[in-house]
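Engineer: The structure under discussion is supplied below as structure tokens; questions concerning it will follow.
Computed from the coordinates by the stated procedures, all read-outs in this text should not be read as laboratory data. Owing to the predicted nature of the structure, the values given are computational and were not obtained by experimental measurement. Reconstructed Cβ throughout: ideal geometry from the backbone, glycine too, with neighbour counts over all protein chains shown.
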Amino acid sequence: MRYPAIIEGGGDDYGIWFPDLPGIVAMGGTLDEAICNAQEALDDYAIEAKRDGIGLITPSSPTTIEVPPGCTLTTIQTVRETPERSALP
């Protein structure tokens with residue numbers, strides 16, 4: 001599943017948040033770092049949802065998302081739609 005994500009900031013400070021997932025946010029000193037951290041935050045959400053026995057929230061269509069001025073819309077895919085972590089201590 002791909003979730004719409006809003007990118008804020010620039011230069012040495014980027015933030016990413018998911019309109020469908022309040023509280024799921026990521027930061028980074030570069031855009032690539034912020035996107036990587038957002039992917040990890042999204043995967044953590046999927047892991048927690050599975051652990052709690054709830055399904056993932058269905059992502060909104062990007063065309064329905066209102067983008068604040070100065071921000072950019074992208075989508076980020078969760079790679080853990082059926083999350084499993086086998087190598088955790």
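Engineer: Looking only at residues that are more than 13 Å from the chain's Cα centre (by Cα) and surrounded by fewer than 18 Cβ atoms within 10 Å (Cβ to Cβ) in segment 10-29, which one is farthest from G70 (Cα to Cα)?
Structural biologist: Among residues in segment 10-29 that are more than 13 Å from the chain's Cα centre (by Cα) and surrounded by fewer than 18 Cβ atoms within 10 Å (Cβ to Cβ), the one farthest from G70 (Cα to Cα) is G29.
For (1) among the aliphatic types (A, V, I, L, M); (2) on the phi > 0 side of the Ramachandran plot; (3) buried (at least 18 other Cβ atoms within 10 Å of the Cβ), each residue gets a yes or a no:
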{"site": "E8", "(1), (2), (3)": "no, no, no"}
{"site": "L31", "(1), (2), (3)": "yes, no, no"}
{"site": "A34", "(1), (2), (3)": "yes, no, yes"}
{"site": "E40", "(1), (2), (3)": "no, no, no"}
{"site": "Y45", "(1), (2), (3)": "no, no, yes"}
{"site": "G55", "(1), (2), (3)": "no, no, no"}
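Engineer: How many residues are in a helix (DSSP H, G or I) and in contact with a Pro (Cβ under 8 Å, 6 or more places away or on another chain) if we restrict to segment 52-76?
Structural biologist: Residues in segment 52-76 being in a helix (DSSP H, G or I) and in contact with a Pro (Cβ under 8 Å, 6 or more places away or on another chain): 1 in total.
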